[in-house]
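The values are calculated or read from the model by the stated rules, or taken from the named source; none is laboratory data. None of the values given here were measured: they were computed from a predicted structure. When we count neighbours, we look across all protein chains shown, and the Cβ atoms used for this are built from the backbone with ideal geometry, even at glycine. Each accessible area value is taken on the protein alone, full model and side chains, heavy atoms only, with ligands, DNA and RNA left out. Shrake-Rupley method; radii C 1.70, N 1.55, O 1.52, S 1.80 Å.
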Amino acid sequence: MAGYKKYAVFEGRMLIVGFGSVGQGSLPLILRHIDIKPEQITIITANAFGREIAGSLGVKFIVEPIKRETYVAQYDKYLGPGDFLVNASYDVNSLDTIEYCRRRGILYIDACIEPWPGGHNNTSVPADRRSNYAYREAALDLRRKHPKGPACVLMHGANPGLVSHMLKQALLNIAKDAGEKTPVPKTREQWAQLAQRLNIKVIHIAERDSQVSSRRKQRDEFVNTWSSEAFAGESLQPAELGWGTHEKNWPHDARKFDFGCGAAVYLERTGASTRVRTWTPLEGPMLGFLISHGESTTIPDYFTVHKKGKAAYRPTCHYSYHPCDDAVLSMHEYIGNNYRFPPRYRLLRDEISEGMDELGVLLMGHGKGAYWYGSQLTIDEARKLCPYNNATSLQVNIGYAAAIIWAINNPGAGIVEPDELPYKTMMQICKPYLGRVVGVYTDWTPLEGRGVLFPENVDVSDPWQFKNFRVV
């Protein structure tokens, strides 16, 4: 790992919990860009997947599933004050782990907030409490009770995470092109006011994964370019979206949260069964799943302009995800089997023959219509840039590693969200691993080509209404 820029020095112990696509793909980035020795790192995970990778990098590898009944004693074996718990797991409760780290002075990061096994489909818990909105509010409750403490970075991979920094750069690009001459915002309020002045009505995290393998999906198999289990799990959560102040068509199945910031709503249906129209530069118009993600709340909350205690401005925001073709087939089979996870699953990485991941933010409603800013990373580029990654995982893992670096350099920061981290610093670390980073304007709207074959119930007075994006 010599020859790479070191952004931080870490002298404590690091425990990586879970070793799927995030753990395996981020480990070489950690060793490259942090001054840390392999013997300082221990991996603890539920199965032997990735043992060879850990061994090749000189890192201790232990198969020991983290359990609700024993997690405290398990963590205590490997961690103490000043150490770092890197949560790259699925089915390990993030909030319990965060509280553990807070009490013991241990740094923490995750890529999403996870419940214990079964939490995503536990129908004894109301739908609004099984949401990412609720998980985030629980984490922020901890921050309100304990505003100081060890650095704890919530939900920071590609999305949530990297896209929040892309969004700020996109806003600056649009402002420059529109002749906006105000200085770069320095506060949350100034960023929100800039988005309001630019009239940003809707923000999609618009992603198209086109990676393919010659070995196609088989019956009773879930195939994906990142964790199949995590994708299936989050697909069970209610569809969630930040609800903008410009919206005037209330969905019949939408419900408000009666707690928390109020920046988002949810639909009484899964994200897996909800599709929306969106756009990326290379794919063009497409349909994506409205999968529940943390950025669907953190971004609209961060960019809310308040006046007299009420939201005077807020953009609609949600994930619009077209996964790789075999993952789409997997999702259709999964839904068709009433959300029964199949007996087999497969991570596409070494067997990918071609394709890319086009991941960015699509900002709509401003003077030029719509603007997409993000990463276009091919599988060939990803392989050259970092081992044990495909295009999708590298976009996630460099954002993850960048946040680990930030936490090491800001060890007393307490609980923080992606939108609160310095966008320029994060982009500087991430950009070398993102392939082509481009910004593209388009005149596309979700009304394009509508009502031709049959009449459609759309709102022609404002193309940027959620009603026009949603597929019904």
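Does D419 fit the bill of being in a helix (DSSP H, G or I) and touching a strand residue (DSSP E or B) at 6+ places or on another chain (Cβ under 9 Å)? Answer is no for this residue. Exactly one residue among V17, V22 is among the β-branched types (V, I, T), touching a Leu at 6+ places or on another chain (Cβ under 7 Å) and touching a residue at least 24 places away in the same chain (Cβ under 8 Å), and that residue is V17. Checking each residue in the range 256-315 for being closer than 30 Å to E189 by Cα, open to solvent by less than 10 Å² (accessible area, probe 1.4 Å) and assigned to a strand (DSSP E or B) picks out A264, V265, L267, V276, T278, T280. Scanning the range 25-49 for residues that are in a loop (DSSP other than H, G, I, E, B), in contact (Cβ under 8 Å) with a residue 24 or more places away in the chain and under 16 Å from E229 (Cα atoms) returns A46, F49. Checking each residue in the range 373-404 for being of a type in the set (A, V, I, L, M), open to solvent by less than 10 Å² (accessible area, probe 1.4 Å) and within 18 Å of P422 (Cα to Cα) picks out I398, A401, A402, A403, I404.
When we screen Y7, Y108 for residues that are over 22 Å from the mean Cα position of the chain (by Cα) and in contact (Cβ under 8 Å) with a residue 24 or more places away in the chain, the only hit is Y7. If only residues of the range 138-184 that are assigned to a loop (DSSP other than H, G, I, E, B) and either in contact with a Cys (Cβ under 8 Å, 6 or more places away or on another chain) or aromatic (F, W, Y) (or both) are counted, the one that is nearest to P115 (Cα to Cα) is M155.
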